[in-house]
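Only one structure is covered here, and it is reproduced in the block below.
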Amino acid sequence: MEHIVFLTGRLAQASLTRVLAGIEAAPFTWEVREIGLQVAALMTTDLIRRRVAAPVSSEGKGEGEGRRADRIIVPGRCRGDVEALSVHYGIPVERGPQELKDLPRHFDRAAQPVELDAYEVSIFAEIVDAPRLSVAQIIDRAERLAADGANVIDLGCLPETRFDHLAESVQALKAAGFQVSVDSSDSNELLRGGKAGADYLLSLTLDTLWIADEVAATPVLIPRVPADEASLHEAVAQLQRRGRAFLADSILDPIPFGLTASIVRYHRLRERFADAPIMLGIGNLTELTEADTSGINAVLFGIAAELNVAAVLTTQVSQHARRAVCEADWARRIMHAASRNGTLPKGMSDALMTVHAKHPFPDTPEEIEEIAAQVKDPNFRVQVSPRGLHVYNRDGLRLGQGAFELWPQLKLHDDADHAFYMGVELARAEIAWQLGKRYVQDQPLDWGCAAPRATEDLARWCAPGTTMKAARSNAAEPR
């Protein structure tokens, strides 16, 4: 059985030991080694190289006492080159999770990795106002949509709006390497788009199937009206008899105007045509429901996975849906992995957990109090528990449920830079506590795929040694 040495600081040693002892049926033996510094977050690889002798062997009180180490796990916030440490010691050296309470899940994920690089659903991303944009603007929009995960750029035509540069736009997109669809209710626009080289035409009914005979583009078939399933089924049957490629779309209706009935229509379409490629238009849900679109996309792509949908059509018009394509890309990968592995869509990625965290509060108030009682320096630590915000240093522990409640207790009125830093940290901690998100001092909140990962360095506003990050940056040999 593998033997792992976990390196840590004095404040975290007891907690780390308890966590490791609580891992049921661990596939390894372990020991905890405190390397002579107070705070594990201040650890660096250079410090480890100086303080931890090689080869590493067991000296602690863990289950594997007396055994040579097969692997070293360092704190998740340890800075430096762990690969160089691996070479130095001749055994793998890895970073653990940033919170030691996440170690059980860390090893569970490591034992059962889930790849999210595969998917089966193509994303059609519609530029709904294409006639009002220049060709250059359309190309720019297409590049951003493709970067978010779009496979096909859909040019949305507008009723009673001239699109004189439609053919030029299609040709420019094709020249730039994009797959293109043209979305219009005007037969002439569909013909122009198809003759210009569009890959897909949205959308043809049983009455306009003749357009498919005029161009090479793959038609997307829809019913005459959403409830007219017979017309869609007949259009599908005709193109199947011709051996012609197509996509079939039963039309997903918004809430509360027939959503459930439309899902049933898709189910009947799949039962009737077991192998027919289906398109699911999801904009009626993401755009017309004022709710976080990450959850809506997760559910819709779960439905898509069960129906074996080939493509979805989505939009990013409403401000609350501005990440719809990126969310769709994550959702299709997660749901594909769940379907392929026959598992629930859990524990694969936090990308769609944009508002809440699955495990927001890793430490209990009692554990925070225990650590706070050991602190002997003036640096403020900020942690969040179900009870609220905990701020502590050598002068004691303060507990509150908001920044304004805690601020007067910090007495930073004569230190403007540090006051600014603590104000931002307390505001972040308050948001995390209110929403149920994970908070880590000196790090931005994680909003999943809803926002780019922030990289700001708030510690630059602080005097040396007043935060974990500043102390680590300014102390060659932290205590």
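Values quoted throughout were computed directly from the atomic coordinates according to the rules given, and no laboratory measurement underlies them. Everything numeric in this text was worked out from a predicted model, so none of it was measured. Glycine also receives a Cβ, built like all others from the backbone with ideal geometry; neighbour counts cover every protein chain displayed.
Between the stretch 305-346 and the stretch 199-272, what's the alpha-carbon centroid distance in Å? So the separation of the two Cα centres works out to 21 Å.
Long hydrophobic helices in the chain, taken as whole DSSP H segments with a C-alpha length of 24 Å or more on their own axis and mean Kyte-Doolittle hydropathy at least 0.0: 416-435.
With point charges of +1 on the Cβ of Lys and Arg and -1 on the Cβ of Asp and Glu, referenced to the Cα centre of the chain, which listed residue (A419, F246, I334) lies farthest in the positive direction of the dipole? In the chain, that residue is A419. In the stretch 202-318, inverting the average of 1/r over every pair of distinct C-alpha atoms gives 14.6 Å as the Kirkwood radius. Measuring nothing but how far apart in sequence close Cα pairs (under 8 Å, 6+ apart) lie, relative to its length, the chain scores a relative contact order of 11 percent. With θ taken as phi - 60° and the Karplus curve 6.51 cos²θ - 1.76 cosθ + 1.60 applied, the whole-hertz 3J(HN,Hα) list for the stretch 201-214 is 10, 10, 9, 9, 9, 4, 7, 10, 4, 4, 4, 5, 7, 8 Hz, x standing for glycine and proline.
Selection among L20, Q383, A216 by position relative to the dipole of the chain gives L20 as farthest towards the positive end (Cβ unit charges, Cα centre). Seen from R141, the other residues with C-beta closer than 14 Å to its C-beta sum to a net charge of -3, counting Lys and Arg as +1 and Asp and Glu as -1. Look at the dipole of the chain built from charges on Cβ: of V5, G400, V236, the Cα furthest out on the positive end belongs to V5.
Looking at the square roots a ≥ b ≥ c of the eigenvalues of the Cα gyration tensor of the stretch 122-341, which shape do they give, rounded for a/c under 1.5, prolate if a/b is larger than b/c, or oblate? Verdict is oblate for the stretch 122-341.
In this structure, the amide hydrogen of S122, modeled 1.01 Å from its nitrogen in the peptide plane, lies closer than 5 angstrom to those of A311, V312, counting only residues at least 5 positions away or on a different chain. Principal axis extents of the Cα atoms in the chain, from largest to smallest and rounded to whole angstrom, are 80, 56, 41.
A simple charge model with +1 on the Cβ of Lys and Arg, -1 on the Cβ of Asp and Glu and nothing else charged puts the dipole of the stretch 122-341 at about 540 debye relative to its Cα centre.
Restricting attention to the chain, lysine pairs at least eight places apart or on different chains and with alpha-carbon atoms under 24 angstrom apart total 14. Using C-alpha pairs under 8 Å with a sequence gap of at least 6, the mean separation divided by the residue count of the stretch 64-104 gives a relative contact order of 44 percent.
With n ≥ 4 as the cut-off for DSSP H runs, can you work out [θ] at 222 nm for the chain, using -39500 (n - 2.57) per run divided by the number of residues, rounded to the nearest 500? Value at 222 nm, helices only, nearest 500: -11000 deg cm²/dmol.
Backbone amide hydrogens, once placed in the peptide plane, bring S203 within less than 5 Å of S184, excluding anything fewer than 5 places away on its chain.
Rounded to the nearest 20 debye, the dipole size of the chain about its Cα centre is 1160 debye, using +1 on the Cβ of Lys and Arg and -1 on the Cβ of Asp and Glu. All other residues whose Cβ lies under 13 angstrom from that of V220 are scored, Lys and Arg at +1 and Asp and Glu at -1, for a net of -4.
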